[in-house]
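Asker: This is the structure I want to talk about, given as structure tokens.
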């Protein structure tokens, strides 16, 4: 892996590691905060669907024929 | 090559979660949640608390989605108005396409969840509300007619109807009355604001009534809608789904509202401070809050087995 990168550094056709977008620490911090917020929102959605499912099933789980 | 990269680094997103929350117009959302809660509690039959919570959440997120889509579409005029220049898009923290994607995603999720978790009638009404606010109001009426907020106000009046339908699966006279209260309240509320913010709207080229028809006509229309609003505020008591105590309080509040509207009507054109308009604007918020709070408290007391 490191060897590949080393090899690419000299060639024009292949971009080297230095050519990519480098985020500032502030941008990294904000991106992390956005990721956490999305994660929390998805988690809340899972819990919401679970809770409503349980409520809608109610006691009917016990009533199914075995 | 390196120039392009520097550009891209500069424009990489600095938006935090707070900027996306700002896109949801949290203050509008809080009013939506409140009126929806009242609609839900007023509806006959009751709803399981968990399902009710899910319904309120969907309605709130749907309102937020409308806000984000509105800010996406209105970014050009938001840049021109002092009141809106600090919103996330004009401030450059969120791009227009990010706001569009965010709004569309939330709109789809809120309508989908309300349909699946609660019922399709409520889901359909929420979809119509978002469509009405974004397409009918933001895209069409707002920049086209000085009556923009009269018809656009319907979007803000839908939440209690959606919440009512979450419980009953239908639309009924009572929920239409809740709709009418907010619908008639919107024009005097916003025109009072537009009176003392008319310079802002003029700069953005939005045909608000004071800009297009003049201050005198705006004051006259505020009075007309206040005359219509005051009796509608009492309707819940007349139709029998609120108590006489509510009716008396609503009549008193309506009289004060009307009195303040008359003072705005008598305001001189030369009045730069526009204190009566500012007072009416502040009182209009209190008026709507009080009507719905009284309905809520009264119904909760009744459900708890108390009687006046």
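Any read-out appearing in this document is the output of simple, stated calculations on the displayed coordinates, not a laboratory observation. Predicted, not measured: the structure shown is a model, and the values here were computed from it. Neighbour counts run over all protein chains shown; Cβ positions are idealised from the backbone, glycine included.
Asker: May I ask you to derive the FRET efficiency for residue A:46 and residue B:28 from their Cβ-Cβ distance with R0 = 41 Å, giving the value to the nearest 0.05?
Answerer: Numbers: r = 28 Å, r/R0 = 0.67.
Rounded to the nearest 0.05, the efficiency is 0.90.
Asker: Right, next: Need the C-alpha centroid separation for the range B:62-104 versus the range B:173-200, integer Å.
Answerer: Centre-to-centre (Cα) distance: 22 Å.
Asker: Treat each spin label as a single point 7 Å out from the Cα along the C-beta direction, and report the residue A:32 to residue A:61 distance in nm.
Answerer: According to this spin-label approximation, the distance is 3.9 nm.
Asker: With N set to the number of residues, divide the alpha-carbon radius of gyration of the range B:172-308 by 2.2 N^0.38 Å and report two decimals.
Answerer: Values: Rg = 16.7 Å, N = 137, 2.2 N^0.38 = 14.3 Å.
The range B:172-308 yields a ratio of 1.17.
Asker: Out of every Cα-Cα pair in the range B:70-120, what percent are more than 17 Å apart?
Answerer: Details: 577 of 1275 pairs.
In whole percent, the long-distance tail amounts to 45.
Asker: Would you mind calculating the relative contact order of the range B:15-170 from Cα pairs under 8 angstrom and at least 6 residues apart, reporting the percent as a whole number? All intermediate terms of the calculation are to be shown ahead of the outcome.
Answerer: Working: 214 pairs, mean separation 52.5, N = 156.
Computed value for the range B:15-170: 34 percent relative contact order.
Asker: Relative to 2.2 N^0.38 Å, what does the C-alpha radius of gyration of the protein assembly as shown come to as a ratio? Two decimals please. Walk me through the intermediate numbers first.
Answerer: Values: Rg = 25.0 Å, N = 374, 2.2 N^0.38 = 20.9 Å.
Dividing the Cα Rg of the protein assembly as shown by 2.2 N^0.38 Å gives 1.20.
Asker: Shape of the range B:94-217 from its Cα gyration tensor (a ≥ b ≥ c, root eigenvalues): rounded if a/c is under 1.5, otherwise prolate when a/b > b/c, or oblate?
Answerer: Values: a/c = 3.30, a/b = 1.49, b/c = 2.21.
The shape class here is oblate.
Asker: In bins 10 Å wide, starting from 0, what share of all Cα pairs of the range B:15-170 does each bin hold, as a percent?
Answerer: Distribution as computed: 12, 41, 32, 13, 2 percent.
Asker: Multiply the residue gap between residue B:258 and residue B:285 by 0.36 nm, knock off their C-alpha separation, and tell me the result in nm, one decimal place.
Answerer: Details: separation 27, 0.36 × 27 = 9.72 nm, distance 1.40 nm.
Separation in residues times 0.36 nm, less the Cα-Cα distance, equals 8.3 nm.
Asker: Let me ask something else about it. What number, in percent, do you get for the relative contact order of chain B if the mean sequence gap of Cα pairs under 8 Å and at least 6 apart is divided by its residue count? Could the numbers behind the result be given before it?
Answerer: Numbers: 432 pairs, mean separation 53.8, N = 308.
Result for chain B is 17 percent.
Asker: Rounded to the nearest 0.05, what FRET efficiency do residue B:301 and residue B:21 give with R0 = 41 Å and r taken as the Cβ-Cβ distance? Could you check? Before the final figure, lay out the partial values.
Answerer: Working: r = 34 Å, r/R0 = 0.83.
Efficiency computed from Cβ-Cβ geometry: 0.75.
Asker: In nm², what is the average projected area of the convex hull enclosing the Cα atoms of chain B?
Answerer: Values: hull surface 70.0 nm².
In nm², the orientation-averaged hull projection of chain B is 17.5.
Asker: Here's something else I'd like to know. With the Cα gyration tensor of the range B:15-67 in hand, convert its eigenvalues to equivalent ellipsoid semi-axes via √(5λ) and list them largest first in whole Å.
Answerer: Numbers: eigenvalues 126, 24, 10 Å².
Ellipsoid semi-axes (Å, largest first): 25, 11, 7.
Asker: Still on this structure, please answer the following. What is the distance, in nm, between label points placed 7 Å from the Cα along the Cα-to-Cβ direction at residue B:228 and at residue B:199?
Answerer: The answer from the label model is 3.1 nm.
Asker: Given labels modelled 7 Å from the Cα in the Cβ direction, how far is it in nm from residue A:22 to residue B:251?
Answerer: Reported label-point gap for residue A:22 and residue B:251 is 7.6 nm.
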